[in-house]
Amino acid sequence: MGAGHTHEHGHSHGAGGHAHGASADSDKRWLSGALALIVVFMLGEVVVGIMAGSLALLSDAAHMLTDAASIVLALWAIRLAARPAAGRMTYGWKRAEILSAQANGLTLLLLAAWLTYEAIRRLIDPPEVTGGLVLVTALVGIVVNVAASWMISRANRTSLNVEGAFQHILNDLFAFIATAIAGVIILLTGFARADGIATLVVVVLMVKAGIELVRASSRIFLEAAPANLDPTEIGAAMAAVDSVVEVHDLHIWEITSGSPALSAHVLVDPGSDCHQARTTLAKLLDDDFHIEHVTLQVDHATPSVLQVGDPAHDPHCEDAHGPAHRSPASPRH
């Protein structure tokens, strides 16, 4: 590459990789425990529903099946994400967790649409509802879902994948609480429409959770900067480092949730040490912004870049992506 040019990559694995593996193992244990609870309760609901001839209980068991599926999907994504980078999969399979999160978000929105239709239909033509049976089942469901929610909350919820499964179970808990309240109202007053009203309250919560999951996962797929990292602020901080003249082609994205990455082209004073500048910048990004996966191309600035008032850009970066961040000490700043 010639003198004064360094294209280096810095990030840490080692102990961090072991910690991630331990975290994944812990996540799998908690998710598996929640899955076992959900499946046992779901099978019990099917048996009671058939014995009582209750369509409401059978439809709720179908809802529990989607909860179980969301956990299975999350477990599968964790297993895939643990595969090492190889061949064409240069990042490994870490994005599988984001696919899982997006699938869970979309499922919540589809369930919300179906429940809205069912709730409106029941408000218009309320069916005969056995309040006692509904109340007892809902109370058992609350206990099971509190336990399952607690188990999943013990896993790493900074992972969008785990958060997706958690939101499924949490919304089911809200549904059971609303169903229990509706069961009490039906028992005391005979007001059957309480069931439909309770469902619409839960639908609002499901839509909110679904939209948040889809939005967060979409940001990662679109390579947007993480919500807690401002590219303008980071570019300015990098440009303020001694000897740095300009930072451009700055890209900040997430490989998967909680794993930010950064790449940039950095121009430094002709007499400065490119390797030292890269080391200083990498430390700044790690210490101040918690970005460890960093790739920086560092070059000496050409005379045209340093010349006051010259609009010409560095000749090998005519198509730089995004704005250029210049040093506060630069004459062209």
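On full extension of the chain, what length is gained from residue 157 through residue 43, given 0.36 nm per residue of separation minus the C-alpha to C-alpha distance?
Details: separation 114, 0.36 × 114 = 41.04 nm, distance 2.76 nm.
Going from the current span to full extension adds 38.3 nm.
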### Message
For segment 192-283, take the convex hull of the Cα atoms, compute a quarter of its surface area, and give me that in nm², please.
### Response
7.6 nm²
### Query
Sorted from largest down, what three extents in whole angstroms do the Cα atoms of segment 193-239 have along their principal axes?
63, 18, 8
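At 1.4 Å probe size, with the rest of the protein present, what percent of the exposed accessible area of segment 177-250 is carbon and sulfur atoms? Numbers along the way, then the final one.
Working: 2310 of 3520 Å².
C and S atoms contribute 66 percent here.
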### Query
Which percent of the accessible area of segment 31-172 is formed by carbon and sulfur heavy atoms (probe 1.4 angstrom)?
71 percent
### Kirkwood estimate for segment 113-162, i.e. one over the average of 1/r between Cα atoms, Å
13.8 Å
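What number comes out for the charge environment of residue 144, summing +1 per Lys or Arg and -1 per Asp or Glu over other residues with Cβ under 14 Å away? Before the final figure, lay out the partial values.
Details: positive: none; negative: 45, 60, 67, 172.
Once all neighbours under 14 Å are counted, the net charge is -4.
How high is the relative contact order of segment 93-252, in percent, with contacts defined as C-alpha pairs under 8 Å that are six or more residues apart?
Details: 173 pairs, mean separation 53.4, N = 160.
Reported relative contact order: 33 percent.
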### Query
Which whole-Hz ³J(HN,Hα) couplings does segment 205-219 yield from phi under the Karplus relation 6.51 cos²θ - 1.76 cosθ + 1.60, θ = phi - 60°, glycine and proline marked x?
5, 5, 4, 4, 5, x, 5, 5, 5, 5, 5, 5, 5, 5, 4
### Message
Taking 0.36 nm per residue of sequence separation and subtracting the Cα-Cα distance, how much length would be gained by fully extending the chain between residue 150 and residue 79, in nm to one decimal?
### Response
23.4 nm
## Note on the structure
In nanometres, the difference between 0.36 nm per residue of separation and the alpha-carbon distance of residue 51 and residue 222 is 56.6 nm
### Message
Just the number please: accessible area per residue for segment 58-155, 1.4 Å probe, all protein chains included, in Å².
### Response
53 Å²
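The values are calculated or read from the model by the stated rules, or taken from the named source; none is laboratory data. No experiment lies behind these values; they were computed from the predicted model shown. In this analysis, Cβ positions are derived from the backbone assuming ideal geometry, glycine residues included, and neighbour counts consider all displayed protein chains. These area figures cover heavy atoms from the full protein model, side chains too; ligands, DNA and RNA do not enter into them. Shrake-Rupley method; radii C 1.70, N 1.55, O 1.52, S 1.80 Å.
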